[in-house]
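Enquirer: Here it is: the structure, laid out below.
FYI, it's all coordinate maths here, none of it is from the lab. It should be emphasised that the depicted structure is a prediction, and the values quoted were computed from it without experimental measurement. Backbone-built Cβ (ideal geometry, glycine too); neighbour counts: all protein chains shown.
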Amino acid sequence: MIGNSPLVSIITVVYNGDKTLEQTIQSVINQTYKNIEYIIIDGVSTDSTLDIIKKNESHINYWISEPDNGLYDAMNKGIRMAKGELIGMINSDDWYELNAVELIVEAYNNNSEKRIFHGDRYDILKNGIKRIRKFHPSKLKFLYYGMTYNHPSMFFHKEIYKHKLYNIHLRALSDYEFVLNQYINDKRVFIYIPEAYVNYRLDGVSAQMKKIDSIQEGYISRRNAGFSLFSNFISLVTRISVWVIYKAIKKQV
């Protein structure tokens with residue numbers, strides 16, 4: 001740590017992301033906060049992704065291009081490489097507002113006992129329009145329905161990742177399992193920053209999942225995070241009921 005300017009590691013995971021990666025990289029290297037370590041993990045892209053990485057190589061601390069076992073395996077690789085006191089993830093579909101890291105460090109300096117920092121995000125629709133998605137504070141919704149935290153907005157203290165990494169056996173909801181586990185262990189380490197400082201395209205892996213697969217991964221996530229069989233059953237019934245009602249309403253419209 002340099003004075004009140006801790007080193008912040010930012011990790012970008014990418015595979016064939018040449019259409020959006022440049023915007024992601026520029027949003028990191030042009031941050032108003034400068035004590036940043038930037039890491040890119042590429043899964044052996046076959047498009048021009050590596051050309052983009054090499055073009056920006058002078059601004060990247062470490063990068064690798066090698067096979068992996070999916071998104072969360074690549075994230076874990078980056079975490080193991082990271083030297084920062086705080087660690088954030090920005091995937092190649094997404095980008096930060098230029099004051100994002102400054103907001104996180106300010107919150108950390110004012111709340112040094114906290115370990116998980118999160119805020120709001122902008123959802124980017126297919127037509128390019130931004131729509132704000134605020135953090136939903138409902139405990140019941142988070143525990144029994146699904147992810148209410150905006151994972152792309154989250155920065156974790158390095159101590160968090162020393163104890164647990166992402167589950168590589170889940171396709172899209174390992175971030176939910178990870179955050180849920182942290183919440184159940186000690187929700188006092190979370191702090192909310194009421195600003196949107198990350199932009200999220202709505203065509204990622206989780207958006208492409210079939211609803212039944214999402215429900216199944218949600219069940220596995222809660223079980224792994226320590227839910228009892230009864231609590232997980234209540235959650236499962238809730239998710240399926242909401243899905244059935246939604247489909248019935250959609251048919252009538």
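Enquirer: Determine the dipole magnitude for the chain: charges of +1 sit on the beta-carbon of Lys and Arg, -1 on that of Asp and Glu, nothing else is charged, the reference point is the Cα centre, and the result goes in debye to the nearest 20.
Expert: Its charge dipole is roughly 1200 debye.
Enquirer: For the range 27-118, state which trypsin sites (Lys or Arg not before Pro) are in a DSSP loop and have at most 13 other beta carbons lying within 10 Å of their beta carbon.
Expert: Values: sites: 34, 54, 55, 77, 80, 83, 114, 115; in loops: 34, 83, 114, 115.
In loop regions of the range 27-118 (DSSP not H, G, I, E or B), the sparsely surrounded trypsin sites (Lys or Arg not before Pro) are 34, 83.
Enquirer: Can you tell me which lysines have their Cα less than 23 Å from the Cα of residue 211? Leave out same-chain residues fewer than eight positions away.
Expert: 126, 134, 139, 141, 247, 250, 251
Enquirer: Ranked by Cβ crowding within 10 angstrom, fewest neighbours first, how are 140, 86 ordered?
Expert: Least to most surrounded, the residues fall as 140, 86.
Enquirer: Also, I was wondering about something else. To make sure I understand, if each residue's beta carbon is the centre and we count other beta carbons within 10 Å, what order do 209, 89 fall in, fewest to most? Write down the numbers at each step before the final one.
Expert: Numbers: 209 16, 89 22.
Taking fewest neighbouring Cβ atoms as first place, the list is 209, 89.
Enquirer: I'd like the distance separating the alpha-carbon centroids of the range 114-150 and the range 21-96, in whole Å.
Expert: What the calculation gives is 22 Å, centre to centre.
Enquirer: Along the charge dipole of the range 8-203, pointing to its positive end and built from +1/-1 on Cβ of Lys, Arg, Asp and Glu, which listed residue (152, 191, 29) has its Cα farthest out?
Expert: The listed residue farthest towards the positive side: 191.
Enquirer: How large is the helix-only mean residue ellipticity at 222 nm for the chain, computed as the sum of -39500 (n - 2.57) over DSSP H runs with n ≥ 4, divided by its residue count, in deg cm²/dmol to the nearest 500?
Expert: Computed ellipticity for the chain at 222 nm equals -12500 deg cm²/dmol.
Enquirer: Let me ask something additional. Please determine, in degrees from 0 to 90 and to the nearest 10, the orientation of helix 174-185 with respect to the longest principal axis defined by the Cα atoms of the chain, where the helix direction is its Cα long axis.
Expert: 80
Enquirer: Would you order 95, 63 from fewest to most other beta-carbon atoms within 10 Å of each residue's own beta-carbon? Let's see the in-between values first.
Expert: Details: 95 26, 63 19.
Fewest to most other Cβ atoms nearby, the residues stand as 63, 95.
Enquirer: For residue 120, what charge total do you get from the other residues with a beta carbon under 9 Å from its beta carbon, if Lys and Arg give +1 and Asp and Glu give -1?
Expert: Net local charge, residue 120 excluded: +2.
Enquirer: If you take every DSSP beta bridge whose two residues both sit in the chain, what share of them, in percent to the nearest 5, is antiparallel?
Expert: Around 35 percent antiparallel, to the nearest 5.
Enquirer: Can I ask one more? May I ask for the angle, rounded to the nearest 10°, between helix 229-252 and the longest principal axis of the chain, with both axes built from Cα atoms and the value confined to 0 to 90°?
Expert: 80
Enquirer: Further question on the same structure: With a 10 Å cut-off between alpha carbons and a GNM built on the chain, which of 82, 172, 107 moves the most?
Expert: For the chain, modelled as a Gaussian network with Cα springs under 10 Å, the answer is 107.
Enquirer: On C-alpha positions alone, give me the angle between the axis of helix 211-225 and the longest principal axis of the chain, in degrees, nearest 10.
Expert: 80
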